[in-house]
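Trainee: Before we start, here is the structure in question, set down as structure tokens.
The values are calculated or read from the model by the stated rules, or taken from the named source; none is laboratory data. From a predicted model like this one, the values you see are computed outputs, not experimental measurements. Reconstructed Cβ throughout: ideal geometry from the backbone, glycine too, with neighbour counts over all protein chains shown. Side chains included, ligands, DNA and RNA excluded: accessible areas come from the protein's heavy atoms. Shrake-Rupley method; radii C 1.70, N 1.55, O 1.52, S 1.80 Å.
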Amino acid sequence: MKIIVQKFGGTSVQNEKIRLMAFNHIKNALKDGYKVVVVVSAIGRYGDPYATDTLLELIGAKDTKLTAREQDTLLSVGETISASVFTNMLREADIKAEAFSGGQAGIITSNNHLNAKITEVDTKCLKKALETLDVAVVAGFQGITENGDITTLGRGGSDTSAAALGVSLQADYIDIFTDVDGMMTADPRIVEHARSLPRVSYNEVSNMAYQGAKVIHPRAVEIAMTAKVPMRIRSTYLESTGTLVTSLADDSGHFDVKERMVTGVAHVTNLTQIFVKTDTVKAQQQTFKILADAGISLDFINISTDSVIFTVPEEKRRVVKQLLEEANLQTTVREDCAKVSIVGAGITGVPGVTAKIVGALSEKNIPILQSADSHTTIWVLVREEDLISAVNALHDVFCLEIK
């Protein structure tokens, strides 16, 4: 049995016209001899009646009196409705289809409501159903605990659902349909000459996603990578196969990453840089313990003998500053920052990459507020007012518009 998993996000199911475009991708897979597992998100985005954020507003959003378990019961409804609507559309076209909740599809999760982790995927029932069905439509973003409670998987949950099912079913492909034609070299909204990439490695696309590219959730990529199931990031509106996400080596075992030193430029906005003066190791330990105890995640961390520097999302600025000052730690805050990241498997061990970054930004008179690097990623922190200029300058200097 040849199986393909196709995930359609909220913008790909938001109205009948776009659902018909998604329907055409399913028909094409059926023509190619596949059994299709369709994973759907809730219909539309905030403001649409069944979108997740709209459902959350019904109970007062962050001021809700419901427990996390009770919120999950409500928030899972958006995907359940979407699965039913999609299944009805398929049956109207005489396609043998059936709708499944996440739990019915075999997705078992932890008890961490609102951000559950998948602990097991048992697709025996789904495989049995596919013996007589053409399409199984699964509600994404949700699962069920061993005790039978409904859970949701947090941000990117439908991507994660699709990846987990694809791995368990040993699918030929996991297709993630979105509103752009694959993984882009940069955000096309701010880089006019950004282009889609025909092929990227799991690590590259995961790093791009962690650094701000929003076409796929990194958790999904990591799940697919464990079993080496190929993924494709595709446009709902086009027939192209988009970007293939696979291992560095091709079928012959060869993939020369040096031919493409940099994969793309990603960015994250609305950051605040925090500088803490720490004259002792104890002060450094105190800084991190205070914020860890408050459940605040830090990024872009630099530690020296007399200071600690890191970034937090803008919405955490006030609470972080208050916590540190209450502990008598001398703190300086720089608001309105953005992180720009160069990602590429080909930069490992290559001299001159940082020189290019510094040179390109210097030519635009963009100060670098902070920097860090790993084997495949180099990060710089800039003023948010310089973001568009910085991303374009780095996109140009690494010639990412050229195929």
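Trainee: Can you send over the carbon and sulfur percentage of the accessible area for the chain, probe radius 1.4 Å, protein chains only?
Mentor: That share works out to 50 percent.
Trainee: Could I have the simple spin-label model distance between THR348 and ASP94, label points 7 Å from Cα toward Cβ, reported in nm to one decimal?
Mentor: The answer from the label model is 5.3 nm.
Trainee: Continuing with the same structure: GLN322 to GLU120: FRET efficiency via 1/(1 + (r/R0)^6), r the Cβ-Cβ distance, R0 51 Å, to the nearest 0.05?
Mentor: 0.80
Trainee: Evaluate the distance, in nm, between pseudo-label points positioned 7 Å from the Cα of ILE290 and of ASP336 along their respective Cα→Cβ axes.
Mentor: According to this spin-label approximation, the distance is 2.6 nm.
Trainee: Considering the dipole of the chain built from charges on the beta carbon (Lys and Arg +1, Asp and Glu -1) around the Cα centre, which of SER201, LEU75, TYR34 is farthest to its positive end?
Mentor: TYR34
Trainee: Okay, moving on. Compare THR241, THR67, THR52 in a GNM of the chain, Cα atoms joined below 10 Å, and give the one with the largest fluctuation.
Mentor: Evaluated over the chain, the most mobile residue of the options is THR67.
Trainee: Would you mind telling me which residue in ILE296, ILE108, ILE43 has the biggest mean-square fluctuation in a Gaussian network model of the chain, where springs connect alpha carbons within a distance under 10 angstrom?
Mentor: Highest fluctuation among the options: ILE296.
Trainee: Something else about it: Angle between the Cα long axis of helix 387-397 and the longest principal axis of the chain, 0 to 90 degrees, nearest 10?
Mentor: 80
Trainee: Which lysines have a Cα less than 26 Å from the Cα of LYS96, not counting those fewer than 8 places away in the same chain?
Mentor: LYS2, LYS7, LYS17, LYS27, LYS31, LYS35, LYS124, LYS127, LYS128
Trainee: Measure nothing fancy, just the Cα-based angle from helix 218-227's long axis to the longest principal axis of the chain, in degrees from 0 to 90, nearest 10.
Mentor: Value to nearest ten degrees: 60.
Trainee: So for the chain: antiparallel DSSP bridges make up what percent, rounded to the nearest 5?
Mentor: Roughly 60 percent of the beta bridges in the chain run antiparallel, per DSSP.
Trainee: Can you sort THR73, THR272 by 1.4 Å-probe accessible area, starting with the largest?
Mentor: On the way: THR73 65, THR272 0 Å².
These residues rank, largest area first, as THR73, THR272.
Trainee: Using a simple charge model, +1 on the beta-carbon of Lys and Arg, -1 on the beta-carbon of Asp and Glu, nothing else, what dipole does the chain show about its Cα centre, in debye to the nearest 20?
Mentor: Here the size comes out at about 360 debye.
Trainee: Still on this model: Each residue of the stretch 285-291 in turn: what ³J(HN,Hα) in whole Hz from Karplus with 6.51, -1.76, 1.60 and θ = phi - 60°, glycine and Pro shown as x?
Mentor: 4, 4, 4, 6, 5, 4, 6
Trainee: Would you calculate the separation in nanometres between label points at ASN112 and VAL77, each defined as 7 Å from the Cα along the Cα-to-beta-carbon direction?
Mentor: 2.7
Trainee: Probe of 1.4 angstrom, ligands and nucleic acids ignored: what's the accessible area per residue over the chain, in square angstrom?
Mentor: 47
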